[in-house]
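For reference, the structure is listed below as structure tokens.
The values are calculated or read from the model by the stated rules, or taken from the named source; none is laboratory data. Just so you know, these numbers come straight off a predicted model, no measurement behind them. FYI the Cβ positions are ideal-geometry reconstructions off the backbone, even for glycines, and counts take in every protein chain you see. Accessible surface is based on the protein model in full, side chains and every heavy atom, while ligands, DNA and RNA are left aside. Shrake-Rupley method; radii C 1.70, N 1.55, O 1.52, S 1.80 Å.
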Amino acid sequence: GNWDIKTKIPEQCVVSNINLPQYFMEWINLKDVYLNFYGREARGMVSMMRQCGIRLMGSHHLGIDDTKNITRVVQRMLADGAVFKITARRSKSNVRNVEFLFKNRIK
């Protein structure tokens, strides 16, 4: 989600004494794409799955199972015609500044 990538990952990079990797300069928040495509809010993976009629497989919050379940949501959205676009981008001059690119987004 936005908070993790916007805030926690840069904080962890500071703690780990590494530069923020370039691939964290922009991202796609699935919840924002979901909201804009279906016109309904989902606060997380389980609610997206429930709303799409997708059965939860494995254990929630187990990394590999969550990855597989999120992939199933993405596959459904692609099959339904969703287009995935960048939803947030950091300023190149100041990585703390983030521009959110979707008008309607999960807050």
Any hit, region 5-22, residues being open to solvent by 70 Å² or more (accessible area, probe 1.4 Å) and either touching an Asp or Glu at 6+ places or on another chain (Cβ under 8 Å) or under 19 Å from LYS107 (Cβ atoms) (or both): yes
Residues satisfying the stated conditions in region 39-54, i.e. open to solvent by 50 Å² or more (accessible area, probe 1.4 Å) and either polar (S, T, N, Q) or in contact (Cβ under 8 Å) with a residue 12 or more places away in the chain (or both): GLU41, ARG43, GLN51
Helices (runs of 4 or more DSSP H) within region 14-107 that include 1 or more residues in contact with a His (Cβ under 9 Å, 6 or more places away or on another chain): 45-52, 63-80
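Every residue in region 55-73 that is touching a residue at least 12 places away in the same chain (Cβ under 8 Å) and either over 13 Å from the mean Cα position of the chain (by Cα) or open to solvent by less than 40 Å² (accessible area, probe 1.4 Å) (or both), please. Please lay out each step first, then the result.
If we filter region 55-73 for residues that are touching a residue at least 12 places away in the same chain (Cβ under 8 Å), which is where we start, we get 56-57, 60, 66, 69-70, 72-73.
LEU56, MET57, HIS60, ASP66, ASN69, ARG72, VAL73 - these are the residues of region 55-73 that are touching a residue at least 12 places away in the same chain (Cβ under 8 Å) and either over 13 Å from the mean Cα position of the chain (by Cα) or open to solvent by less than 40 Å² (accessible area, probe 1.4 Å) (or both).
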Contacts under 8 angstrom Cβ, first residue in region 88-107 being without any contact (Cβ under 8 Å) to a residue 24 or more places away in the chain, partner open to solvent by 80 Å² or more (accessible area, probe 1.4 Å) and not in a loop (DSSP other than H, G, I, E, B), 6 or more apart: SER91/GLU99; GLU99/ARG89; LEU101/ARG89
